[in-house]
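Worksheet: the structure to be examined is printed underneath.
Derivation of every value follows stated rules applied to the coordinates shown; laboratory data play no part. It should be emphasised that the depicted structure is a prediction, and the values quoted were computed from it without experimental measurement. Here Cβ is always computed from backbone atoms with ideal geometry, including for glycine, and neighbour counts include all displayed protein chains.
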Amino acid sequence: MYKVNEIFYTLQGEGRFTGTPAVFLRFSGCNLACSFCDTEFTEYSLLSLNRIVEQVCIFPSRHIVITGGEPLLQLTDSLASALHEKGFFIQIETNGTLRLNGSLPELVDWVTCSPKSQNIVIQRIDELKVVHTGQALSFYEEIPIEHPECRYLQPCDERDPVRNAENFARAVDYIKAHPVWKLSLQTHKLTGIK
């Protein structure tokens, strides 16, 4: 049984696949406690593998984003294999502090890593998305990623318009001075979609 916070269908709001119709499978639980976290992931229902597959197959898109919390606390080979059998492209959104175990390195199609610390142990990163509050970024620039064009800064949403404007301005200035980065906005928040 898996602790599932929610399953919903929307457009991916961030990073490389912004605007892509996607099924979101949000697991409950995280191994970090970030002060700026904007996701409710503590509540959950216990769902079987078959029930998860049944629910995600209701939707027309075969792009699934497995997120949390931290999805690698629960994602298994058997669930990933079952999703592939149904034709899903599997994207995970992880903080990078856990490894892809078992056959997950081969089963997960796209790894979006949004590091919240410098303890990065995941073996592969396709896309790097750093939540930016003005912190030094030299460490993140050294992280090897599969797709160098997919290095994103995302201004932190601190739920305060003044601080958000400051974070946005800092991110834009940094990107202009360091063009290895691109801007990622939380378009789902800007457009009001889930």
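Quick notes on this one:
- Computed over the chain, Cα set: Rg, Dmax in Å: 16.4, 49
- Counted by Cβ distance under 9 Å from E149, the other residues give a net charge of +3, where Lys and Arg count +1 and Asp and Glu count -1.
- In the chain, taking the dipole from charged Cβ atoms about the Cα centre, the farthest positive-side position among V23, S78, Q118 is held by V23.
- Estimated from helical segments only, the mean residue ellipticity of the chain at 222 nm is -6500 deg cm²/dmol, where each DSSP H run of four or more residues counts as -39500 (n - 2.57).
- Neighbour-count order for L72, L98, fewest beta carbons within 10 angstrom listed first: L98, L72
- Sorted by Cβ neighbour density within 10 Å, fewest at the top, the residues I58, I66: I58, I66
- Cut-off of 10 Å, at most 14 other beta carbons, DSSP loop: longest stretch of the chain lacking such GluC sites (Glu not before Pro): 44-141
- Estimated FRET transfer efficiency (D109, E166; beta-carbon r; R0 45 Å; 0.05): 0.80
- Number of Lys-Lys pairs in segment 2-191 with C-alpha atoms under 18 Å apart and a separation of 8 or more places or on different chains: 4.
- Per-residue Cβ neighbour rank within 10 angstrom, fewest leading, V53, V131: V53, V131
- Relative to the Cα centre, the charge distribution of the chain, modelled as +1 at Lys and Arg Cβ and -1 at Asp and Glu Cβ, gives a dipole magnitude of about 180 debye.
- Projecting the Cα atoms of V131, I143, Q186 onto the charge dipole of segment 108-194, computed from C-beta unit charges around the Cα centre, puts Q186 farthest toward the positive end.
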